[in-house]
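Step one of this worksheet: look at the structure below.
The values are calculated or read from the model by the stated rules, or taken from the named source; none is laboratory data. This is a predicted model, so every value here is computed, not measured. Every residue, glycine among them, receives a Cβ derived from its backbone with ideal geometry; neighbour counts consider all protein chains shown. All accessible areas refer to the heavy atoms of the entire protein, side chains included, with ligands and DNA or RNA removed. Shrake-Rupley method; radii C 1.70, N 1.55, O 1.52, S 1.80 Å.
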Amino acid sequence: MMGFAGARVLALESRRSTEIGELIARQGGDAFVAPSMREVPLAENREAFEFAERLFARRLDMVILLTGVGTRQLARVLATRYPENAFADGLRQVTIVARGPKPLAALREMGLAAAIVAPEPNTWHELLAATEGRPERHIAVQEYGRPNPELIAGLKARGAEVMQVRVYQWDLPEDVEPLREAARRLAAGRFDVVLFTTAIQMAHLARIAREMGIESSVIEALRKCRVCSIGPTTTEALEEFGIHPAMEPSHPKMGFLVKEAAEQA
């Protein structure tokens, strides 16, 4: 058999779900496609706009940026309502904390630098240690993909008022049962290859698995599978969960991803 040689392949593509299933089958894979998202209008990002109002009114004195993907998405969301440079100008008025190199890179793109950078391994432990003894008490935390309850609790324990800023352009699909079934099968070790075609798919898979009480099993199963990522942004989102893809295609296109994943299987 060619390519996948009968391997059990999970794909989380939504808009082109039928097409990716056909591509996998053409490469000899046993495809299971679980659509994982639907688009949400940017204007519905209420938390992001509430954050912006507080930032611009100088009612925040520290902003903690956890991911590069989320920092860029937050900038895009705010640019739909405010002048393009307003977000960067607002950040210049506060203490910027970056969890590691990915949000630092996003800041550089806006001409900004962080006052505090958490050292490796860039977890909530290092963030709390790096901000120990700081005077700031009005803090916003940018989240993307998954909550960080330990960080929030640690900041609040110091007497800080903490605003969680969840940024999204996508929500779960109307029918989540295929995604639930994907999580169940993953936890049971019933996939060999998993294809990720956009960054938010991992966050939604983890969210569903968390609601089902099997998140740790799903993430552990993904670490044992051959995970293939369409490109650097998706890889960054996967790495947030401790999952390191085996490959990215030569071009960040769905057809290249399936074909090259099959060739390298």
Acute angle (nearest 10 degrees) that the helix 200-212 long axis makes with the longest principal axis of the chain, alpha-carbon atoms: 90 degrees
Charge tally in the Cβ shell below 15 Å around residue 223, where Lys, Arg are +1 and Asp, Glu are -1, residue 223 excluded: -3
Would you kindly state how much longer the chain becomes between residue 177 and residue 247 on full extension, computed as 0.36 nm times their sequence separation minus their alpha carbon distance, in nm to one decimal? 22.4 nm
How much of residue 138 can a 1.4 Å solvent probe reach, expressed as accessible area in Å² and rounded to 10? 80 Å²
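Per residue, what accessible area does the chain have, given a 1.4 Å probe and all protein chains present, in Å²?
Per-residue accessible area for the chain comes out at 46 Å².
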On Cα atoms only, tilt of 17-26 relative to the major axis of the chain in degrees: 40 degrees
Loop only by DSSP, 12 or fewer other Cβ within 10 Å of the Cβ. Give me the GluC sites (Glu not before Pro) in the stretch 132-235 that pass, ordered by residue number. 132, 174
Of 229, 216, 14, ordered by accessible area with the largest first and a 1.4 Å probe, the sequence is 216, 14, 229
Placing unit charges on C-beta atoms (Lys and Arg positive, Asp and Glu negative, everything else neutral), compute the dipole magnitude of the chain about its Cα centre in debye, rounded to 20. 200 debye
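Between residue 157 and residue 190, what FRET efficiency comes out of the Förster formula 1/(1 + (r/R0)^6) with R0 = 41 Å and r the beta carbon distance, rounded to 0.05?
0.50
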With every protein chain kept in place and a 1.4 Å probe, the residues 62, 2 fall, from largest accessible area down, as 2, 62
Env charge @ residue 124, Cβ radius under 9 Å, K,R +1 / D,E -1, value -1
Would you work out the relative contact order for the chain, in percent, from Cα pairs under 8 angstrom that are 6 or more residues apart? 22 percent
Quantify, in whole percent, the carbon and sulfur part of the accessible surface of the chain (1.4 Å probe; protein heavy atoms only). 48 percent
Could you check the simple spin-label distance between residue 44 and residue 150, using points 7 Å along Cα→Cβ, in nm with one decimal? 3.2 nm
Determine, from the Cβ-Cβ distance of residue 115 and residue 256 and an R0 of 45 Å, the FRET efficiency 1/(1 + (r/R0)^6), rounded to the nearest 0.05. 0.65
Calculated volume of the Cα convex hull per residue in Å³ (choose from (i) 134; (ii) 123; (iii) 155), label: (ii)
In nm, spacing of pseudo-spin labels at residue 211 and residue 169 (7 Å Cα→C-beta vector): 2.3 nm
Quick check: net charge around residue 106, other residues with Cβ under 13 Å of its Cβ, Lys/Arg +1 and Asp/Glu -1? +3
At what distance in nm do the modelled label points of residue 134 and residue 26 sit from each other, each positioned 7 Å from its Cα along Cα→Cβ? 5.0 nm
